[in-house]
1. Per-residue ellipticity at 222 nm for the chain, helices alone: DSSP H runs ≥ 4 residues times -39500 (n - 2.57), over residue total, nearest 500 deg cm²/dmol?
2. Pulled fully out, how much extra length does the chain show between L187 and A135, if you take 0.36 nm times their separation in residues and subtract their Cα-Cα distance?
3. What full-extension length gain, to one decimal in nm, is calculated for S174 and K2 as 0.36 nm per residue of separation minus the Cα-Cα distance?
4. Within the set K115/K142; K79/K142; K125/K164; K46/K142; K79/K243; K164/K191, which residue pairs have Cα atoms separated by over 32 Å?
5. Would you mind getting me the FRET efficiency between T126 and R200? Use the beta-carbon distance for r and R0 = 22 Å, nearest 0.05.
6. Take the chain, connect every pair of alpha-carbon atoms lying under 10 Å apart with a spring to form a Gaussian network, then pick out the residue of V113, V210, V15 with the largest mean-square fluctuation.
7. Using a basic spin-label model with each label point 7 Å from the Cα along Cα→Cβ, how many nm lie between E231 and L147?
8. Note the full-extension length gain between Q255 and K164 as 0.36 nm times their separation in residues minus their Cα-Cα distance, in nm to one decimal.
Amino acid sequence: MKHILADGLALYYEVHGNTDAPHTLVFVNGLSQSTVAWGGYLPHLKADFRIVLLDLICQGQSDEATIPRDFDGHAADIKALLQALAIHKATIIGISYGGAVAMRVLVNHPEIVEKGVIMASFAHKTNLFNALGLAWTNALRKGGYELMLDVMMPSVLGKTYFEKPLIPVDLLKSGRKDLYPQPQSLLKLMKATGDMTDYRPQLSQVKAPVLVIAGEEDLLCTPEMNQAIAEAIPHSRMVVVPKVGHTLNLEAVVQTATLIRDFVLQPS
């Protein structure tokens, strides 16, 4: 389904699960992901929650913008979608790039937030984070998404995954290629990260309870970077999932789905 935003662009979304459930979960993708990335969560959560999956503008089946959106713009799009769906409160769950968007929803639009879950994300950038981002950007410009995947995989999958892959890495790459993210769309998304300044001071404004989840082996958004998010948000707690890397919605579906369910159903 698609929702037409105020600027005329179409935002793709899906609604799954129990539409009569008292709690709604909204999942926000990582940089090069689409709604497909959350498919593994549906069997674990659909009985207890209404679930909204969406592609940000310049992602998946949503339209590409002429002008790049910043994180605040993406957050405003999510608010507009929830208003159109008559969803008054939701738990906003974002991974990596989507976590940065989710943080803006928590700060800018607290009226639509029940709780927040930030997975493997960033509120500030380290030198290593910037170096990895530059490598991804150069690979994308020189060799398209195929070369970017070759450069990206070692920094987003944990070392344990390479030793015992759930899905062989080569098959994982070929599957991601089938999603056809266009280089120009990815570059527009990446501009939001490139332009971002330290967001930790703004996180003190968050009123909702927040769960921060990090992968022990995450090289990109390290446990220390996620700890900084948790320390900046007043009502938060952090969980580190052992022996997994950055891509928690591939490497640790069962663990993170359980953490999300328990956190949302726990009385505030």
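Every number in this text was worked out from the coordinates using simple rules, so none of it is lab data. Owing to the predicted nature of the structure, the values given are computational and were not obtained by experimental measurement. Here Cβ is always computed from backbone atoms with ideal geometry, including for glycine, and neighbour counts include all displayed protein chains.
1. So the calculated ellipticity at 222 nm is -13000 deg cm²/dmol.
2. Using 0.36 nm per residue and subtracting the Cα-Cα distance, I get 17.4 nm.
3. That works out to 59.2 nm of additional length.
4. Exceeds cut-off: K115/K142; K79/K142; K46/K142; K79/K243; K164/K191.
5. 0.95
6. V15
7. Using points 7 Å along Cα→Cβ, the separation is 3.9 nm.
8. 31.1 nm
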